[in-house]
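What follows is a single structure, written as C-alpha cells, with notes after it.
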Amino acid sequence: MGNCWFRGSSYINRVSTAKSETPKIQSPSERDRSDESRLPSNAREVEAMRLDSAARNPLTAFSFEELRKVTNGFRQDSLIGGGGFGRVYKGAVGTDGPGDEPLLVAVKVHDGDNSFQGHREWLAEVIFLGHLSHPNLVKLAGYCCEGEHRMLVYEYMPLGSVESPLFSRT
C-alpha cells in the first residue's frame, strides 16, 4: 500500500468565521462560488499552482495553436479515441535537438464543459498526474490552458489501453 498526500484545504464541514452567535456551515454551492475565483485560469497560473504543490515531473504548457498543428487540425484521421472527458487525438511534438525524433503524443481535448466542475477536474489531472512518475503509468507530458481550451498531452502508447487485452472477447 502507498501513501496518498494532499496539500490543500479540506472541504468537509467548513465553518465560516462570521461574527455570529452560531457557526454557519457553508453549502457546497456556496463553497464552489467562493473557490471558483481562486482557481487558475491561464497556463502561467496553472504552472505556478503546480510548482507550488511540489510537482516532480516537468510539464510543457502548449498553446492551442501548437496542439492544433500537432494533431493536423484535430482531423478525424488523427482521432484515436474518446470518453467522458472528450476526444483523444494522436500527434507528434518536436524535440529541442536537431536529429531527434519527435515524441508521439495523445492529446486529450476537453469536451467543452467549461463549468467550474469541469475545470476543477481538468486541473486535478494536471496537478496529480504531474506528480506521478511510474513505469506502469502513462506519462503526462503537458497541457493546454488557453482561453476556453483545456487539453492534456500524454505520451502515446502504441499498444493502446491495458483494458483492451484484459477485457477483449477474443
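Worth a mention:
- Among the residues making up region 116-160, those that are among the small types (Gly, Ala, Ser) and under 18 Å from residue 93 (Cα atoms) are 141, 142.
- Among the residues making up region 57-71, those that are over 15 Å from the mean Cα position of the chain (by Cα) and either modelled with pLDDT under 90 or not in a loop (DSSP other than H, G, I, E, B) (or both) are 65, 66, 68, 69, 70.
- For the condition within 21 Å of residue 62 (Cβ to Cβ) and within 14 Å of the chain's Cα centre (by Cα), residue 74 does not qualify.
The values are calculated or read from the model by the stated rules, or taken from the named source; none is laboratory data. What you see is a predicted model; the values in this text were computed from it and never measured. Neighbour counts run over all protein chains shown; Cβ positions are idealised from the backbone, glycine included.
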